[in-house]
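One structure is given below, encoded as structure tokens.
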Amino acid sequence: MIQTETAHYRSFNNVHVYYELHHFDPKKPTIVFIHGFLSSSFSFRRLIPLLKQKFSIVAIDLPPFGRSEKSLTFHYSYENLAKTVLEIIEHLKLEQVILSGHSMGGQICLNIAKLQPQYVSKLVLLCSSAYLGRLHSGLVMSSHLPFFYLWVKTWLARKGVKANLQNVVFNHDLIDEEMIEGYTAPFLDDRIFMSLSKMIRDREGDLSEKDLRKINKPSLLIWGEEDGVVPLHLGKKLQQDLPSSTFISLKDTGHLLPEECPDDIRNYMVDFLSS
């Protein structure tokens, strides 16, 4: 049965996860959307309506972001986050999916393709995180301090949500009240800062070049030429290290691709996924 749009909240991998189903039908090709750092499934709100008639869509809030649990016991490594997404895929009885990840979400997609390639048909990576190592040991050690989360909160709030959005969006006219409220809402709960402190300790770094070269899934890489978070040259390097990949760059576009150019992404995705 096709579910037009439903929201779900249940336990996977010992943490409660919020996820949405849009026109969900296991018989149709399914896209699983995975958002970036400090974001949520909200970031795909302009892209999903352009794809949900043609594809079955799953959009996930990775813990501790969005409406998912801000657990203080969950292990926030990329590998464990990938395992959490895999449990959702298995729960939905999906045999193969199209993984689409933005920024950090792209790195989670790559981890899934490394861990369980049989579940992945294709990858669509939007300004994917790549080649980042583990955080500095001093910062990792400091994260054990009892009130370190307050420093994390202060650091994230030092400019405010609007200024942070201006850093990732090339055309600042796109930043409206809906966008500001959508990216602010998850951070009204102090528990997320405690969880982020734990994530500093748990995050193991991005996949190595050796690991990337073993991922043979057809991959579409889309980049903003004005991306100041994950620069264009890293996208081109990632394309070289992924054996079956295609690279596209978009002019006058920053890091937050799903917000900035959903129509372009939809067109490139449909062409790629139909080929």
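Numbers at a glance
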| quantity | calculated |
| --- | --- |
| For the chain, calculated [θ]222 nm from helices alone, where every DSSP H run of n ≥ 4 adds -39500 (n - 2.57) | -10500 deg cm²/dmol |
| Top positive-direction residue, dipole computed over the chain with Cβ charges, set Leu273, Ala82, Leu150 | Ala82 |
| Principal axis box of region 120-172, alpha-carbon based, largest edge first, Å | 42, 32, 17 |
| Of Lys54/Lys251; Lys52/Lys236; Lys162/Lys251; Lys214/Lys237; Lys28/Lys83, those spanning more than 18 Å from alpha-carbon to alpha-carbon | Lys54/Lys251; Lys52/Lys236; Lys162/Lys251; Lys28/Lys83 |
| Kyte-Doolittle mean at least 0.5 and Cα axial length at least 15 Å: DSSP H helices in the chain | 104-115 |
| Packing-based ranking, highest mean first, of 222-229, 147-154 given that Cβ atoms within 10 Å are counted | 222-229, 147-154 |
| Counted charge near Leu72, where neighbours are those whose Cβ lies closer than 13 Å (Asp, Glu -1; Lys, Arg +1) | 0 |
| Ellipsoid semi-axes in whole angstrom, largest first, where each is sqrt(5λ) of the Cα gyration tensor of the chain | 26, 21, 20 |
| Signed unit charges on C-beta, dipole axis of region 1-88, positive-most listed residue Ser39, Phe65, His23 | His23 |
| Net charge, Leu188 excluded, C-beta distance under 14 Å - Lys, Arg +1, Asp, Glu -1 | +1 |
| Reciprocal of mean inverse Cα separation for region 1-69 (Kirkwood radius, Å) | 12.2 Å |
| Over region 142-237 - Rg/Rh using Cα atoms and the Kirkwood inverse-distance radius | 1.04 |
| Relative packing of peptides 42-54, 254-266 - highest average C-beta neighbours within 10 Å first | 254-266, 42-54 |
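Quick note: the coordinates plus some simple rules give every number you see, no bench work behind them. Source: prediction; values computed, not measured. All Cβ positions, even for glycine, are placed from backbone atoms using ideal geometry, and neighbour counts span all protein chains on display.
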